[in-house]
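Following: one structure in structure tokens, then a few remarks.
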Amino acid sequence: MSTLLELSGVSVSFDGFRAINNLSFQIGEPELRAIIGPNGAGKTTFMDIVTGKTRPDEGTVIWGEKSVSLLRMSESHIARAGIGRKFQKPTVFESQTVRENLAMALKNPRGPFDVLLYRKSAQGAARIEEIAAEVGLLDHLPRMAGELSHGQKQWLEIGMLLAQEPRLLLVDEPAAGMTPAEREHTTDLLKRLARKHAVVVVEHDMEFVRRLDCKVTVLHEGSVLAEGSLDHVVKNKEVIDVYLGR
Amino acid sequence: MKNRSFLAQNPSILWFIAAIAIFTLGATLMSEAAGTGLISTSFVKTLGKTLCLMLVAIAMDVVWGYCGILSLGHMAFFGLGGYAIGMWLMYARTEIIVAESLAAATIPPTPQEVSDAIASQIFGVVGTNKFPWIWTFADSLFLQLLMVVLVPGLLALVFGWLAFRSRVTGVYLSILTQAMTLALSLYLFQNDSGLRGNNGLSGLQNLPGLDGVPQATVSIAFLWASALALALGYVLFAWVVSGKMGSVIRGVRDNEARVRFLGYHVESYKLFVFTITAVVAGIAGALYYPQAGIINPAEVAPIASIYLAVWVAIGGRGRLYGAAIGAAVVSLLSSWFTSGGAPNIDLGIYVINWTDWWLVLLGVSFVAVTLFFPKGIGGLFDLFIRNDKRAPDAVEARRREAAE
Ligand SMILES: Nc1ncnc2c1ncn2[C@@H]1O[C@H](COP(=O)(O)OP(=O)(O)OP(=O)(O)O)[C@@H](O)[C@H]1O
Ligand SMILES: [Mg+2]
């Protein structure tokens with residue numbers, strides 16, 4: 001396992017409020033990591049920084065074997081480098097079909113002329129169906145994404161993430177709006193993905209995190225409060241005080 | 001096979017081309033050129049100009065309705081196309097006139113004398129008799145035709161690159177495009193702009209070397225050329241907004257940040273759409289102004305581009321034929337009302353004079369469409385066709401279901 005992503009000394013403030021405070025974080029490839037922490041701990045902001053949506057005031061974010069800095073790269077460049085993201089609030093293209101959503105995410109050249117001259121291929125269609133089957137949307141391919149239920153939109157976004165074939169998957173609260181059976185399916189899927197890829201999962205649901213059975217990072221007020229196995233961190237006094245005890 | 005599926009997925013293309021073909025044939029048969037003379041030559045020109053406006057409207061629909069960029073400057077590109085072709089038309093025609101008048105001279109004139117004579121003919125109204133540098137290629141039809149494409153294309157490329165790169169969006173971008181077209185028209189209004197200031201370019205309906213050909217015939221030629229350009233433009237844009245490109249472009253409109261996180265460089269896509277539509281607008285302008293006969297800086301005033309947006313909104317954003325219909329209906333109504341075609345309404349205490357009140361009517365219609373019929377005139381077609389052309393998969397799936 002080699003380090004794929006490394007943040008060190010990262011801080012970011014919004015109007016004087018320090019959302020991320022001297023945060024350091026590492027993940028290897030392959031690895032599965034859960035991030036937990038109270039509301040407003042900075043979990044989503046962490047993902048914003050990695051994906052280029054938010055630029056930190058201080059610190060470094062280093063990516064890959066060549067140790068390139070993500071701070072100088074645009075959002076789309078970062079995504080092409082192999083970082084995919086599922087948003088906390090499901091964000092799909094509602095006025096397009098499930099198939100179109102997946103096709104747009106499918107790993108293919110991203111330049112305007114590549115896309116203009118892109119021809120639908122049998123492999124592409126097969127891959128879309130494979131992903132749709134994986135996320136349980138095979139029967140919904142021709143439907144408008146806007147017609148899907150909240151849980152189905154979550155699945156669609158997970159499907160889009162899979163279609164991108166990223167090296168690092170940032171998954172923000174995937175289980176919200178899912179049935180217990182779907183949650184189980186999600187944990188299985190994430191664990192399977194983590195055999196080859198780096199996967200970071202933010203989740204509040206402790207049962208879900210337990211089933212992931214992986215290293216856990218506890219965030220609080222923008223920095224790491226504790227790190228280790230779930231059993232280890234839940235015994236941590238500070239973690240109990242700020243997160244679990246409430 | 002690929003082509004068939006493209007057309008099968010976009011049935012509106014065949015319908016649209018058929019409608020344009022029938023319209024053009026019908027107008028031709030009724031024209032003075034065909035001998036029937038049911039419609040006047042000037043009305044044939046109005047119809048030809050309308051086709052050009054429909055072409056720039058579908059370009060506007062692609063940039064606004066599909067890509068979500070409310071450009072309020074696309075008529076600047078239209079005007080630049082008109083100026084580019086107008087320069088050649090004026091130059092070449094004046095050259096012939098000058099050659100005729102100098103032919104009588106006993107001493108053959110030097111090329112410099114010929115050039116000076118042409119320049120003083122063209123620029124006498126603005127008090128100079130020298131060719132400005134921008135007229136360097138005016139003697140070449142081929143090069144000026146190239147300018148029809150290059151000048152709007154390059155302006156759009158540079159403007160778009162600067163604007164999109166700094167992530168100017170929404171109303172700020174609209175204002176910036178208005179500023180661009182305003183700056184262009186103010187510049188052109190100056191006498192030393194090199195394009196005859198507020199006089200503009202005139203006599204564009206007279207094709208150099210074709211003095212013997214009656215305007216009735218010329219008007220039909222331009223009607224056909226405009227119809228062909230509209231049909232080709234329709235196919236081009238239908239292709240651009242279909243398939244994966246269309247998917248990404250509509251994604252940019254609905255949530256550009258999300259498109260970025262999928263790895264697409266949104267700015268390149270916007271630049272592509274902005275530039276290609278500007279080029280088509282330039283071509284539309286180059287066909288329009290020889291039919292209008294005159295172009296002046298008022299044509300690229302900010303209001304022109306706002307009208308363009310109004311046509312598209314009334315016709316129905318996000319479907320090409322809607323924009324085309326909107327441009328045709330509103331521009332034809334506009335010329336009917338403002339040319340005194342509509343009878344004034346005498347209310348006893350007040351006379352509604354349509355030349356003045358047309359704009360009020362247009363404004364009210366615009367607000368009404370925006371509020372109550374956001375799909376515009378094009379939305380009426382949904383009442384007849386239940387298949388959503390933007391969701392070919394859905395149609396396909398329904399067909400598959402039906403077959404099973
Ligand atoms: N763009 C922004 N502008 C201002 N404040 C922000 C912005 N983004 C995040 N914040 C603030 O930063 C803090 C951290 O937010 P963040 O969304 O990262 O928390 P979180 O750990 O994801 O919480 P939750 O579990 O509720 O999703 C919050 O107080 C939030 O209000
Ligand atoms: Mg969050």
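The values are calculated or read from the model by the stated rules, or taken from the named source; none is laboratory data. Computed from a predicted model, the values in this text were never measured in an experiment. Cβ coordinates were reconstructed from backbone atoms using ideal geometry, including for glycine residues, and neighbour counts include every protein chain displayed. In case anyone asks, the SASA skips ligands and DNA or RNA and just uses the protein heavy atoms, side chains included. Shrake-Rupley method; radii C 1.70, N 1.55, O 1.52, S 1.80 Å.
Whole angstrom only: what separates the Cα centroid of the range B:1-48 from the Cα centroid of the range B:133-149? Going from one Cα centre to the other spans 30 Å.
For the pair A and B, the buried accessible area comes to roughly 3100 Å² in total, with a 1.4 Å probe and the value rounded to the nearest 100. Straight-line reach from residue A:107: which lysines fall under 24 Å, measuring Cα to Cα and dropping same-chain residues less than 8 apart? Of all the lysines, those that pass the test against residue A:107 - Cα under 24 Å, at least 8 places apart if same chain - are A:53, A:66, A:86, A:89, A:120, A:153, A:191, A:196, B:2, B:244, B:270.
Compute the Cα gyration tensor for the range A:204-246, then decide on rounded, prolate or oblate, letting a ≥ b ≥ c be the square roots of its eigenvalues: rounded whenever a/c is under 1.5, prolate when a/b is larger than b/c in the other cases, and oblate in all that remain. Because a/c hits 1.5 or more and a/b exceeds b/c, the range A:204-246 counts as prolate. Calculated FRET efficiency, residue A:94 to residue B:22, Cβ-Cβ distance, R0 = 22 Å: about 0.05 to the nearest 0.05.
In the range B:137-211, the portion of solvent-accessible area held by carbon and sulfur atoms comes to 69 percent [1.4 Å probe, whole percent, DNA, RNA and ligands not counted]. Taking amide H as placed 1.01 Å from N in the peptide plane, the amide H of residue A:219 sits under 5 Å from that of A:36, A:37, A:225, each at least 5 places away or on another chain.
If you bin all the Cα-Cα distances of the protein assembly as shown at 10 Å, starting from zero, the percentages per bin are 3, 14, 20, 20, 16, 12, 8, 5, 2, 0, 0, 0. Peptide A:98-105 shows a mean partner chain C-beta count of 5 within 10 Å per residue C-beta.
In the full protein context, chain B carries 46 Å² of accessible surface per residue, based on a 1.4 Å probe and ignoring ligands, DNA and RNA.
Between residue B:145 and residue B:8, the modelled label-to-label distance comes to 3.7 nm, taking each label 7 Å out from Cα in the direction of the beta carbon.
Residue separation of residue B:371 and residue B:165 scaled by 0.36 nm, minus their Cα-Cα distance, works out to 70.9 nm of gained length. Rounded to the nearest Å, what's the spacing between the alpha carbon centres of the range A:99-160 and the range A:179-195? Just the number, please. The range A:99-160 and the range A:179-195 have Cα centres spaced 20 Å from each other. Given R₀ = 41 Å, FRET efficiency for residue B:332-residue A:138 by Cβ-Cβ distance, to 0.05? After rounding, the FRET efficiency stands at 0.25. Net length available on complete extension from residue A:18 to residue A:147 is 42.6 nm, with 0.36 nm assigned per residue and the Cα-Cα distance removed.
Ligands, DNA and RNA left out, the accessible area of the range A:135-246 computed with a 1.4 Å probe is 50% carbon and sulfur.
In the protein assembly as shown, the DSSP-assigned H stretches of four residues or longer account for a calculated mean residue ellipticity at 222 nm of -18000 deg cm²/dmol, using -39500 (n - 2.57) per stretch and the full residue count as denominator.
Shape call for the range B:157-270 from the C-alpha gyration tensor, a ≥ b ≥ c root eigenvalues: rounded (a/c under 1.5), prolate (a/b greater than b/c) or oblate? It comes out oblate by the Cα gyration axes.
In this simple spin-label model, placing a label point 7 Å from the Cα along the Cα-to-Cβ direction at both residue B:239 and residue A:231 gives a separation of 6.4 nm. Just checking the listed ones, B:208, B:11, B:108: in the Gaussian network model of chain B with Cα springs under 10 Å, the one fluctuating most is B:108. Near residue A:147, once Lys and Arg are set to +1 and Asp and Glu to -1 for all other residues with Cβ below 12 Å from its Cβ, the sum equals +1.
Ranking A:84, A:104, A:224 by Cα position along the charge dipole of chain A, where only Lys, Arg, Asp and Glu carry charges on their C-beta atoms, puts A:104 farthest toward the positive end.
Using Cβ point charges alone (K and R +1, D and E -1), the dipole size of chain B about the Cα centre works out to roughly 1500 debye. Using the Cβ of residue B:69 as centre and a radius below 11 Å, the other residues enclosed give a net charge of +1, where K and R count +1 and D and E count -1.
In this simple spin-label approximation, residue B:99 and residue A:107 carry label points 7 Å from Cα along the Cα→Cβ vector, and these lie 6.5 nm apart. Of all the options B:228, B:287, B:380, the one that moves most in a Gaussian network model of chain B with Cα springs shorter than 10 angstrom is B:380. At full extension, residue A:126 and residue A:196 could sit 23.0 nm farther apart than now, given 0.36 nm per residue minus the alpha carbon distance. When A:157, A:65, A:100, B:113 are compared by accessible area at a 1.4 angstrom probe, the order from most to least is A:65, B:113, A:100, A:157. If you run the Gaussian network model on chain A, springs between alpha carbon atoms under 10 Å, then out of A:180, A:30, A:90 the most flexible one is A:180.
May I ask for the longest run of chain B untouched by trypsin sites (Lys or Arg not before Pro) that are loop-located per DSSP and have at most 15 neighbouring C-beta atoms (other than their own) within 10 Å? That would be B:168-385. The Cβ shell under 14 Å around residue B:204 holds other residues with a net charge of +3, Lys and Arg each +1, Asp and Glu each -1. With all protein chains in place and ligands, DNA and RNA left out, the 1.4 Å accessible area ranks A:143, A:33 as A:143, A:33, largest first. Any idea how far the Cα center of the range B:64-87 sits from the one of the range B:289-337, in Å? Centre-to-centre (Cα) distance: 11 Å.
Pull out a ≥ b ≥ c, the square roots of the eigenvalues of the alpha-carbon gyration tensor of the range B:6-339, then state rounded if a/c is under 1.5, prolate if not and a/b is larger than b/c, and oblate in the remaining case. Oblate is the answer for the range B:6-339, as a/c is 1.5 or above yet b/c matches or exceeds a/b.
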